[in-house]
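First comes the structure, then the notes that go with it.
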Amino acid sequence: MTEQISPYELDSVELHKDVLRYVDVGDGPPVILVHGLLGSHQSWAGQIERLSEKYRVIAPDLFGHGSSDKPSGDYSLSSHAATIRDLMDHLDIASAPMVGHSLGGGIVMQLVYLFPERIDRLVLVSSGGLGPEVSLALKAATLPGSGLVLPVLASDWVRKNTESVIGQLGKWGLPVRPGKSMEETWRSFQTVADKGSREAFLASTRAVVGPRGQTVSAKQHFEKFGALASLLIWGGKDRMIPASHADNIRREVPNSKVEIFSNAGHFPQLDEPELFFRILDEFLAANRVVEERTQAAISD
């Protein structure tokens, strides 16, 4: 479980005196990928390469994450949503499909609420904001004193000893090899050893999660999703946010399409990359054809 090195040379833009870094590759119609807590553009590893053959792929490192600046201040869903809008303005993108993973799902739903003209298709991947239940680890991050514990848990000593134990158990023939979701969770968690990343993580988490679970719900905004083509993708083995949350939006937005990957965890885009790309590409392509036909009919 070694640290990944990005294959991309990131672009950057200064927004309100802070530097946001992002991937911008491909020449087709734009699609924007928004990662989750402690993530970065690397949370979309493999998908960026596949998508960039057909689309212009924009994958930012949100403020407080990855290679972007980590200012002290507002890490609410609305603040992150405004950052995506500002990035779109910088890139001269009027509207685009949005793909949001985990916290990123909550962010793109907030975009639907605040800036509905900027998003023309909605894809939620293991999304936050659709129910109160979350993992114990996320609830624990909201408790007093968690900021003191996190750097210890993310230290090199803990990492090396954990990997040593996993390696030894593997030698004994026990089935403990972590999947892609676990590897990405562990890689992302190590970033809280950095003070700026840790403070941003705690601020982002506490903005949407409390000791009893998620405190922010998109349910009151579901009526705005009715006019949007929407796709939900979830891992059936997600231990961070349960796949049952997909039913909450499916009941309220009957036109939404739901795909559950039975063998995937919290990162279905990494656990089942070929299946994820095929379903996402089919959704984007099908809805683009419908839009083109509608525009042609209006012109005639």
* Structure fact -> Selection from the stretch 19-29 of residues touching a residue at least 40 places away in the same chain (Cβ under 8 Å) and either in contact with a helix residue (DSSP H, G or I) (Cβ under 8 Å, 6 or more places away or on another chain) or open to solvent by 40 Å² or more (accessible area, probe 1.4 Å) (or both) yields LEU20, ARG21, TYR22, ASP24, PRO29
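I need the full set of residues from the stretch 86-99 which are open to solvent by 50 Å² or more (accessible area, probe 1.4 Å) and farther than 13 Å from HIS16 by Cα, in order please.
Looking only at the stretch 86-99, we keep the residues that are open to solvent by 50 Å² or more (accessible area, probe 1.4 Å), and these are 89-90, 92, 94.
ASP89, ASP92, ALA94, listed by residue number.
Looking only at the stretch 71-92, which residues are among the charged types (D, E, K, R) and modelled with pLDDT of 95 or more? Spell out how you get there, then give the answer.
Of all residues in the stretch 71-92, those among the charged types (D, E, K, R) come to 74, 85-86, 89, 92.
Matches in the stretch 71-92: ARG85, ASP86, ASP89, ASP92.
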* **Unique match (being among the small types (Gly, Ala, Ser), in contact (Cβ under 8 Å) with a residue 40 or more places away in the chain and in contact with a His (Cβ under 9 Å, 6 or more places away or on another chain)) among GLY46, GLY106** => GLY106
* **Residues of the stretch 224-239 classified as out of contact with any Gly (no Cβ under 8 Å at 6 or more places or on another chain) and either touching a residue at least 12 places away in the same chain (Cβ under 8 Å) or surrounded by 21 or more Cβ atoms within 10 Å (Cβ to Cβ) (or both), total** => 11
* Any chance GLU49 is surrounded by fewer than 18 Cβ atoms within 10 Å (Cβ to Cβ), under 22 Å from HIS266 (Cβ atoms) and modelled with pLDDT of 95 or more -> yes
* **In the stretch 70-98, the residues that are under 25 Å from VAL209 (Cβ atoms) and in contact with a helix residue (DSSP H, G or I) (Cβ under 7 Å, 6 or more places away or on another chain)** => LYS70, SER72, TYR75, LEU77, SER78, HIS80, ALA81, ILE84, ARG85, MET98
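Scan the stretch 258-273 and tell me whether some residue there is among the charged types (D, E, K, R), farther than 27 Å from VAL112 by Cα and modelled with pLDDT of 85 or more.
Residues of the stretch 258-273 that are among the charged types (D, E, K, R), as a first pass: 259, 271-272.
Those left that are additionally farther than 27 Å from VAL112 by Cα: 271-272.
Keeping just the survivors that are modelled with pLDDT of 85 or more gives 271-272.
Among the residues of the stretch 258-273, at least one is among the charged types (D, E, K, R), farther than 27 Å from VAL112 by Cα and modelled with pLDDT of 85 or more, which makes the answer yes.
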* **Looking only at the stretch 261-276, and only at residues there that are assigned to a helix (DSSP H, G or I) and among the charged types (D, E, K, R), the one that is farthest from GLY100 (Cα to Cα)** => GLU274
* To do: State yes or no: is SER76 open to solvent by 10 Å² or more (accessible area, probe 1.4 Å), free of Cβ contacts under 8 Å to residues at least 60 places away in the same chain and polar (S, T, N, Q)?
  => no
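The values are calculated or read from the model by the stated rules, or taken from the named source; none is laboratory data. What you see is a predicted model; the values in this text were computed from it and never measured. Note: ideal-geometry Cβ built from the backbone for every residue, glycine included; neighbour counts use all protein chains shown. Note: areas computed on protein heavy atoms with side chains; ligands, DNA, RNA excluded. Shrake-Rupley method; radii C 1.70, N 1.55, O 1.52, S 1.80 Å.
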